[in-house]
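Rule-based calculations on the coordinates, nothing more; no lab input. What you see is a predicted model; the values in this text were computed from it and never measured. Please note: Cβ atoms are built from the backbone with ideal geometry, for glycine as well, and neighbour counts cover all protein chains shown.
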Amino acid sequence: MINYANEQAMKDPREEQLLFESRARAGFFVVVICMLGLLGRYFWLQVTAHQQFSTRSESNRVSVRPVVPNRGLIYDRRGRVIAENLPAYRLEIVAEKVQQLEPLLDELATLIELNDEHRNSFNKSRRHYRVFDPIPLKLNLSEQEVARFAVNRHRFKGADVVPYLSRNYPYGELLTHVLGYVGRLDERDIARVDQGNYRGTRIIGKIGIEQFRETELHGTSGYEQVETNVSGRVLRVLDRQDAIPGTDLVLSIDVAVQRAAWDGLGERPGSVVAIDPTDGSIIALVSKPAYDPNAFVHGISQQAYQAILDTPGRPLFNRALKGGYEPGSTLKPFVGLAGLELDLINTQTRVYSSGSFYIDGYSRPYRDWKEEGHGWVTLESALEQSVNTYFYQLAMEMGIDRMHDYLSQFGFGSLTGVDVPGEGAGLLPSRQWKRAARDEPWYPGETVIAGIGQGFNVVTPLQLANALAVLINGGKRYEPRLLYATKAAGIERAQRVRAPLAMQIPVKEAGDWQAVLEGMDRVVNGVRGTATGIAVDARYRTAGKTGTAQVYQLNEDGEYNEADVAQHLRDHALFIAFAPVEVPRIAIAVIVEHGGTGSKAAAPVARATLDAWLDQETGMEVQP
Amino acid sequence: MKIRVPPWLGTPRLDPVLLGLLLLVMGFGLVVMYSASGQDMATVNRQAIRLGVGLLVMLVISQVPPHILSIWTPWIYVFGVVLLLATWVFGVGRGAQRWLDLGIIRFQPSEVMKLAVPMMIAWYLHPRVLPPALKSVFVSLAILMVPSVLVARQPDLGTALLVAASGGFTLFLAGLRWRTLVVFAGTLMAAIPLVWPFLKEYQRDRLRIFLNPEVDPLGDGWNIIQSKIAVGSGGVTGKGWLNGTQSHLEFIPEHHTDFVLAVISEEFGLIGVALLLMVYVLLIGRGLFIASLVRDTGSRLLVGSLSLTLFVYVLVNGAMVAGILPVVGVPLPLISYGGTSAVTLLAGFGMMMSIYGHRKFIS
């Protein structure tokens, strides 16, 4: 290095040399000690623990294999199993051990039915697995196939039939739109999941609860350290860490109620959503038509999938969550409450219905459903008889923006926050929305029809049911929940899961809310009610509101083409109801597509559903 | 006719012992590489070319007289820090910003710091009274902390560790008082929990998984478990070259980079590991011996700390493969696949050779 003659005046080179040498010796001593320590560790691994890691034959090897956790089961709120795991067999190939793949597959095809789709999806998967990973070729083998393979196993190096648990949905299409289904882990899934935890997993939740609760249902993979021979057969297990099974889920769905709603709809497309207003849990969530989820578990064939796509009524479409419908008169209770709470009317305010309503200066009539009109009505009787004029006039006084602001508190026009993916937001119109979305001004006539839930208003069945629950709850709004309880592995008792409170709507005058509910009670129990038919012989008291939605467009996708609309010009029938009136324990929204009037088509479905819930309800324990 | 040769060209100034040991390690490394790469000659060739480049760099540097290196030292250091800052801003790399893309070549400025930090501290301590006064100690610590922290936040814990260690060794060899050393070591230990919040999530995962690999045996713990199986299955004598079953067939991840020692352990057994560690110890010992021959304080410190840094490489990599240290990116010196670290190491040895070769002119 450079000479620093001046600065070195105080330095003592001799002393520094000695100091360095002592430090170098100390350093080298540490080096040797550490290296010996490291060697000691290698000694431990290679001599002391050698047995644990060694194999009995040169050609064998030790490998770590994932132990796949059992997927959590799903129960309904009364403990019925609605998603289970059944023992099954699948055919797997380890690519690395196969000399020539195509001849092997051809050979296998003589014993086990293999079509092009099996081969294609196998070839697609190959890219995402390592050469020594087993890749499933065909799931859910029949007993004959398993037996035929077992006899001929020696001929197929690299192929094996292995047992696994296959997901099964005992209630089939009844719960598809709630549960969703699991399917083969594909490339997009692999990119998304924790690869370590999914190393041995071959299925994943695709939609519905199965997708939304994937993390809980899947569990945590374990592993085992095994010795395998050349062909991959396990000779002995050296070490094992068990998997932690997935969490069992209890849904708030009651299959009996779900079934009653499903059957009630009959062959008509439609939707029923029932919510327990006391805790925001969803009792039934029906969307019809549906399809069998079990077909998707083993990998659905293109043909079968096309058949579902071609089924009229779009079975894949989840109406309960994202079907957009005009609420029609079912919106009237909410508009009425808005009028009361905004002090535009009181419970005694009377309006004269002459059959037609006019905006000052315009000649276009807005009609009542009764041509000669209903005469003088108050809010309660306006609800009872579904008097349009009352709400036309109220809407005009309120204006669209105040209506929007008040009704949005009930969750109209926004996502409910339900714990399943894919819900729609509906639409609650306002001046601002129209300007932004259509770049058009708001017209007074649009306010008038908005007062009876027509025009731009769009709701989903789930939104409607939840809004009703809020109304009868005195403004307490929950995020509706399908998950009712969970039972993690190793825990004795199920843990109750509660729906989170989304908001509490400020109550200005409790009597206002009561008056609206009173009006809804008269719909079913009043002399002139529009749905009196459904109360006959009921062991509990029901309140409700009928509605009819004009068919002009089903949803944003434009569900039906023009030719279809010509055949289905009938209106959608809507009905919302709650019961028992005294202490409501269920709020329900029913939509029957092209059912005609709410009272005739939708109300009986509601009755059947309410019966199933209120006639059998005994207790609320969860017994998975 | 007499050809005039510039004095710095002259005869090569290579220490035959050091050179012999280096060639031994590199030759062995290429043999292992053939097996680890699944008998892929192309990989071996690529690695051989890198090592060749490294040797060339070593040869060139060994001809540069130490006083020239000394003049350059502050500039190399400042340049290195600037590059690190540039990496922060313009760096490329997946997940971690380590690389600087210069169009033709991409390189890791952090590698430069492995040499620049001990050079800078040696340069700084050279004119001072040793053992260093407290002020000198703090300045030296600042010199090593700035790049270490910059590298650590890239994030590249392995390299940061090596940079910090190389600087720390310089201080240690300069005669840092034991008491001060203990205080610093204690402070460092106490600081570990404070560092935790600044680590990236994947770094924390690595530490967690290291502490308990069974937490995630199929994810990150996979590396550790597979590596242990490969090492353990090797036994005393190993399965023989090309006969490793665990470390082939992709069982070991990154098997020809950071985990190449697992391949060596499986194929050459405990005996192979012991011999390899011995060669490394001899290299370190030879380096320290050369250092003690040098009269010039700065050069002596530099040679000594470069030798001891080699020890950190071997220890950390060996411990990582054996599952007693977390997976940090520290390669097995001169054997792991990859050019950057080999060139840096050989450049360091070039400086050692230069100081060794020029020592008679210093006195």
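Residues A:W513, B:W241, arranged from fewest to most other Cβ atoms within 10 angstrom of their Cβ, appear as B:W241, A:W513.
The listed peptides A:573-580, A:16-23, A:41-48, ordered by packing as a protection proxy, come out as A:573-580, A:41-48, A:16-23 (highest mean of other Cβ atoms within 10 Å first). Charge tally for B:I324 (other residues, Cβ to Cβ under 11 Å; Lys, Arg +1; Asp, Glu -1): +2. For the protein assembly as shown, the C-alpha radius of gyration divided by 2.2 N^0.38 Å, with N the number of residues, is 1.29. Neighbour counts of C-beta atoms inside 10 Å place A:K138, A:K487, A:K11 in the sequence A:K11, A:K487, A:K138, starting with the fewest. Of all aspartates and glutamates in the structure, those lying under 16 Å Cα to Cα from A:K370, and not within fewer than 8 positions of it along the same chain, are A:E384. Shielding value for A:444-453 is 0, the average number of Cβ atoms from other chains within 10 Å of each residue's Cβ. Within chain A, which whole H helices from DSSP have a Cα span along their axis of at least 18 Å and a mean Kyte-Doolittle hydropathy of -1.0 or more, if any? Helices passing the filter in chain A: A:13-43, A:510-525. Peptide A:234-246 has a mean shielding of 1, counted as Cβ atoms of other protein chains within 10 Å of each residue's Cβ. Normalised by the number of residues in the stretch B:66-199, the mean separation of alpha-carbon contacts (under 8 Å, six or more apart) gives a relative contact order of 23 percent. Think of each Lys and Arg Cβ as +1 and each Asp and Glu Cβ as -1; about the Cα centre, that makes the dipole of the protein assembly as shown roughly 4420 debye.
Calculate for the protein assembly as shown the 222 nm mean residue ellipticity that helices alone would give, adding -39,500 (n - 2.57) per DSSP H run of length 4 or more and normalising by residue count, nearest 500 deg cm²/dmol.
Calculated at 222 nm, the ellipticity per residue is -14500 deg cm²/dmol.
Let me have the relative contact order for chain A, percent, based on Cα pairs under 8 Å that are six or more residues apart.
It rounds to 14 percent for chain A.
Peptide B:231-242 has a mean of 5 when you count, residue by residue, the C-beta atoms of other protein chains within 10 Å of its C-beta. Backbone amide hydrogens, once placed in the peptide plane, bring A:I135 within less than 5 Å of A:I93, A:V94, A:A95, excluding anything fewer than 5 places away on its chain. Beyond a 21 Å Cα-Cα separation, which of these cross-linked pairs lie in this structure: A:K288/A:K476; A:K11/B:K135; A:K288/A:K434; A:K157/B:K228? Flagged as over cut-off: A:K288/A:K476; A:K288/A:K434; A:K157/B:K228.
Footprinting exposure proxy ranking of B:I290, A:I591, A:I275, fewest other C-beta atoms within 10 angstrom first, gives B:I290, A:I275, A:I591. Given axes a ≥ b ≥ c from the Cα gyration tensor, I'd like to know whether the stretch B:66-199 is rounded (a/c under 1.5), prolate (a/b larger than b/c) or oblate. Oblate is the answer for the stretch B:66-199, as a/c is 1.5 or above yet b/c matches or exceeds a/b. Relative to one another, the C-alpha centroids of the stretch B:266-297 and the stretch A:204-272 are positioned 56 Å apart.
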